[in-house]
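Worksheet for the structure shown next.
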Amino acid sequence: MTRAKRKTEHIRHALKTGQSGLAGFEEIAFVHQSLPDCSVEQVELSTKIGELSLSSPIFINAMTGGGGEATYQINQKLAIVAKETEIPIAVGSQMSGIKNPSERNTYKIVRTENKHGMVWANLGSEATVEQAKIAVDMLEANALQIHLNTIQELTMPEGDRDFAGALSRIETMINNLDIPVIVKEVGFGMGMETVQKLESIGVKAVDVGGFGGTNFAKIENERRQRLLSFFDAWGIPTAISIIEAKEAAPHISIIGSGGIQSSLDIVKGLSLGASAAGMAGRFLKILVDQGIDSLIEEIEEMKNELRYLMTALGARKIADLQQVPLVISGQSHHWLTERGID
Ligand code: FNR
């Protein structure tokens, strides 16, 4: 299958497969505060990921680009939404645009529509420094996301089979680029071991990309003859992954993503240790089913809800959320006990 065809297949399957809704947030409960000593007006949504300053913790995570008209249009619409709501937007993997210069317009449109906004480039860990520089220049990007997607590649019939040397390639990219690098998963999560390795080479921001949302094992299995269905349930739920990342590297910026469905999920992710939250599948669905205006409205509503939730919890700033009392139950509690995290 050509890369271009695969791009549109991913979008189609992501919309069809949907999200499992088992990202672990259902096992996180806030302890209600009757005296929060806070007003909605006092709440400040601005946050930081490493040296990047964001006006709110929500961003549009990497989805598409490459191929032709369909991805161009989706990226154009997502870029308009990002501009109107003043949130960052990441594009999908740019390898296709690097290998086929005629496809670069499908990525560049994100910068054209959103001249002054925060745009993030995206490549896999197989990329060279030269390729990373082309990807960043293509978008005049403010940061580069490097995705780790072993399970997706293994499940993909035509995917990579060799994952050796990724850590040292990431290190080389970090040392040779002059913009921040965010290392991300794509829906299988990161545990303490992964985050420790990333921190050891100087990574300053990770997006845990946890299990419970868009499921690339299921999506790729749709395209296989003999199913690797054991990968369908593989991965670390997002809520747990945020806690693991924070435990492993308390001083790097953590982004929560993977199955984030609501403002409540975002606030839970932030209180577990994340500084921002990315959404991909749910935003794509709203955009495709209901259009640009509905997605803009949804994001603005979510920002308002974040203010209400933070007021209820007495958190005036995003960082204050990490101090709010919460209770972790069920499987998540069991997992954390087994992993020695309390
Ligand atoms: C993605 N995602 C993704 N990630 C990445 O780093 N590079 C990519 O090219 C893509 N492509 C892509 C296509 C489509 C159609 C979707 C829905 C997603 C993964 C995405 O950024 C995110 O990590 C996961 O989708 C989990 O988040 P959600 O969808 O559960 O919010």
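Per-structure values
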read-out: Enumeration of residues in region 71-122 that are in a loop (DSSP other than H, G, I, E, B) and either more than 23 Å from Ile255 (Cα to Cα) or of a type in the set (A, V, I, L, M, F, W, C) (or both); value: Ile87, Val91, Asn100, Arg104, Lys115, Met118
read-out: Selected residue [of a type in the set (A, V, I, L, M), open to solvent by less than 50 Å² (accessible area, probe 1.4 Å) and either touching a strand residue (DSSP E or B) at 6+ places or on another chain (Cβ under 8 Å) or at pLDDT 95 or above (or both)] from Ile58, Ile11; value: Ile58
read-out: Any hit, region 288-306, residues being part of a helix (DSSP H, G or I), within 16 Å of the ligand (Cβ to nearest atom), open to solvent by 10 Å² or more (accessible area, probe 1.4 Å) and among the aliphatic types (A, V, I, L, M); value: yes
read-out: Single residue of Glu244, Glu222 found to be in contact with a helix residue (DSSP H, G or I) (Cβ under 7 Å, 6 or more places away or on another chain) and either near the ligand (Cβ under 10 Å from one of its atoms) or open to solvent by 30 Å² or more (accessible area, probe 1.4 Å) (or both); value: Glu222
read-out: Extreme residue, nearest to the ligand (Cβ to nearest atom), among residues of region 86-103 that are of a type outside the set (S, T, N, Q) and surrounded by fewer than 20 Cβ atoms within 10 Å (Cβ to Cβ); value: Met95
read-out: Residue within region 60-70 that is over 30 Å from His333 (Cβ atoms) and in a helix (DSSP H, G or I) present; value: yes
read-out: Residue check for Ile151: outside any helix (DSSP H, G or I) and under 20 Å from the mean Cα position of the chain (by Cα); value: no
read-out: Looking only at region 264-283, and only at residues there that are touching a Lys or Arg at 6+ places or on another chain (Cβ under 9 Å) and open to solvent by less than 10 Å² (accessible area, probe 1.4 Å), the one that is nearest to the ligand (Cβ to nearest atom); value: Gly278
read-out: Qualifying position, being under 21 Å from Gly259 (Cα atoms), open to solvent by 30 Å² or more (accessible area, probe 1.4 Å) and not acidic (Asp, Glu), among Lys83, Lys16; value: Lys16
read-out: Among the candidates Thr150, Thr112, Thr128, Thr155, residue that is within 17 Å of Gly209 (Cβ to Cβ) and open to solvent by 10 Å² or more (accessible area, probe 1.4 Å); value: Thr150
read-out: Test: residue in region 317-325 that is part of a loop (DSSP other than H, G, I, E, B) and among the β-branched types (Val, Ile, Thr); value: yes
read-out: Verdict on Ile60 being in contact with a helix residue (DSSP H, G or I) (Cβ under 7 Å, 6 or more places away or on another chain), within 10 Å of the ligand (Cβ to nearest atom) and among the aliphatic types (A, V, I, L, M); value: yes
read-out: Matching residues, region 172-188, being aliphatic (A, V, I, L, M) and more than 16 Å from the ligand (Cβ to nearest atom); value: Ile174, Leu177, Ile179
read-out: Some residue of region 28-50 being near the ligand (Cβ under 9 Å from one of its atoms), open to solvent by less than 70 Å² (accessible area, probe 1.4 Å) and modelled with pLDDT of 95 or more; value: no
read-out: Check on Gly340, surrounded by fewer than 21 Cβ atoms within 10 Å (Cβ to Cβ) and either in contact (Cβ under 8 Å) with a residue 12 or more places away in the chain or farther than 22 Å from Glu86 by Cβ (or both); value: yes
read-out: Leading residue by the ranking (farthest from the ligand (Cβ to nearest atom)) among those in region 247-258 that are buried (at least 24 other Cβ atoms within 10 Å of the Cβ) and among the aliphatic types (A, V, I, L, M); value: Ile254
read-out: Residue check for Thr2: over 30 Å from Met310 (Cα atoms), open to solvent by 30 Å² or more (accessible area, probe 1.4 Å) and within 11 Å of the ligand (Cβ to nearest atom); value: no
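The rows are residues; the columns are (1) within 20 Å of Val91 (Cβ to Cβ); (2) of a type in the set (Gly, Ala, Ser); (3) within 13 Å of the ligand (Cβ to nearest atom).
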residue: Leu154; (1), (2), (3): no, no, no
residue: Ile170; (1), (2), (3): yes, no, no
residue: Lys204; (1), (2), (3): no, no, no
residue: Thr214; (1), (2), (3): yes, no, yes
residue: Ala217; (1), (2), (3): no, yes, yes
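The values are calculated or read from the model by the stated rules, or taken from the named source; none is laboratory data. Bear in mind the structure is a predicted one, so any value in this text is a computation, not a measurement. All Cβ positions, even for glycine, are placed from backbone atoms using ideal geometry, and neighbour counts span all protein chains on display. With ligands, DNA and RNA removed, areas are computed over all heavy atoms of the protein, side chains included. Shrake-Rupley method; radii C 1.70, N 1.55, O 1.52, S 1.80 Å.
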